[in-house]
Amino acid sequence: MTEVERIIDQFRRAFEGEAWHGPALLSLLEGVTAEQAAAHPIPGAHSIWELVSHISAWEGACKSRLEGDRAQLSDEENFPSVTAVSESEWEKTKRQLLQTHRELLDAIAKVDSGRLDKPIIEDESIPFSSVYVTLQGGVQHDLYHAGQIALLKKAIAAVEGS
């Protein structure tokens, strides 16, 4: 297995399953309703919905950077607001996450392993991480927010149970 294939495998494990740490992102989202996804059971914390949109935004940014775009996210792009809470909008958000994830994996598959140690964007005015560090950071980012989603689900269950 090449290093690029290993990176794709790590993204797949974090996102789809067979991760060493526990439940993958997609399994954590199973059964979450739009109302639960939009809830803020922990003051000051993002909702599940906001986190899903955030993960999607950053996977899109990673893909764009692989393709040579500097991809800087505004505050609203970083954590998009939930404007309409409905099951159809929640399903749309999850479909967007899946599509963005697949597009990122397709872009990673095209990376030549000789590029992994090079900056993801060649720009002397802004230092960018290497392709390798950016992609491994993407896996870590998915796992970090999956952990937050797991805790939010427990907090929602506690609120609903009281």
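The values are calculated or read from the model by the stated rules, or taken from the named source; none is laboratory data. Quick caveat, the model's predicted, so the values are computed rather than measured. Using ideal geometry, Cβ is built from the backbone for each residue, glycine included, and neighbour counts are taken over all protein chains shown.
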Legend entry - Options Ser81, Ser53: the member that is over 28 Å from Glu124 (Cα atoms) and loosely packed, with under 15 Cβ neighbours inside 10 Å: Ser81
Inset, instruction - Select from the range 109-136 the residues that are buried (at least 16 other Cβ atoms within 10 Å of the Cβ) and modelled with pLDDT of 95 or more and list them in ascending order. - result: Val111, Leu116, Val131, Tyr132, Thr134, Leu135, Gln136
Inset, instruction - Please specify each residue of the range 89-115 satisfying the condition of being touching a residue at least 12 places away in the same chain (Cβ under 8 Å) and of a type in the set (S, T, N, Q). - result: Thr93, Gln96, Thr100, Ser113
Inset, instruction - State which residue is farthest from Gln96 (Cα to Cα) when the search covers only the range 31-79 and only residues that are part of a loop (DSSP other than H, G, I, E, B) and among the β-branched types (Val, Ile, Thr). - result: Ile42
Legend entry - Neighbours by Cβ (under 8 Å, 6+ apart or cross-chain): first from the range 140-162, over 30 Å from Asp9 (Cα atoms); second surrounded by fewer than 17 Cβ atoms within 10 Å (Cβ to Cβ): Ala155/Ile42
Inset, instruction - Of the conditions (1) polar (S, T, N, Q); (2) under 30 Å from Ala34 (Cβ atoms); (3) surrounded by 13 or more Cβ atoms within 10 Å (Cβ to Cβ), Ser86 clears all except one; give me its number. - result: (3)
Legend entry - Yes/no for Thr100 being over 16 Å from Leu29 (Cβ atoms), at pLDDT 95 or above and surrounded by 15 or more Cβ atoms within 10 Å (Cβ to Cβ): no
Legend entry - Boolean, Glu30 is surrounded by 14 or more Cβ atoms within 10 Å (Cβ to Cβ), modelled with pLDDT of 95 or more and out of contact with any helix residue (DSSP H, G or I) (no Cβ under 7 Å at 6 or more places or on another chain): no
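Please count how many residues of the range 80-117 are more than 29 Å from Glu50 (Cα to Cα), assigned to a helix (DSSP H, G or I) and among the charged types (D, E, K, R).
Just the residues of the range 80-117 that are more than 29 Å from Glu50 (Cα to Cα), to begin with: 110-117.
Pick out the ones that are also assigned to a helix (DSSP H, G or I) and you get 113-115.
Keeping just the survivors that are among the charged types (D, E, K, R) gives 115.
The qualifying residues number 1.
Within the range 118-130, does at least one residue satisfy the condition of being touching a residue at least 24 places away in the same chain (Cβ under 8 Å), under 30 Å from Thr2 (Cα atoms) and assigned to a helix (DSSP H, G or I)? Can you show your working first?
Just the residues of the range 118-130 that are touching a residue at least 24 places away in the same chain (Cβ under 8 Å), to begin with: 120-121, 123, 126, 128.
Restricting the remaining residues to those that are under 30 Å from Thr2 (Cα atoms) gives 120-121, 123, 126, 128.
Within this subset, residues satisfying the condition of being assigned to a helix (DSSP H, G or I) are none.
No, because not a single residue in the range 118-130 is touching a residue at least 24 places away in the same chain (Cβ under 8 Å), under 30 Å from Thr2 (Cα atoms) and assigned to a helix (DSSP H, G or I).
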Legend entry - Given (1) modelled with pLDDT of 95 or more; (2) among the hydrophobic types (A, V, I, L, M, F, W, C); (3) buried (at least 17 other Cβ atoms within 10 Å of the Cβ); (4) out of contact with any Asp or Glu (no Cβ under 9 Å at 6 or more places or on another chain), number of the condition Ala45 does not satisfy: (3)
Legend entry - Filter result for Ala71 (small (Gly, Ala, Ser), out of contact with any Phe, Trp or Tyr (no Cβ under 6 Å at 6 or more places or on another chain) and either in contact (Cβ under 8 Å) with a residue 24 or more places away in the chain or closer than 23 Å to Pro119 by Cα (or both)): yes
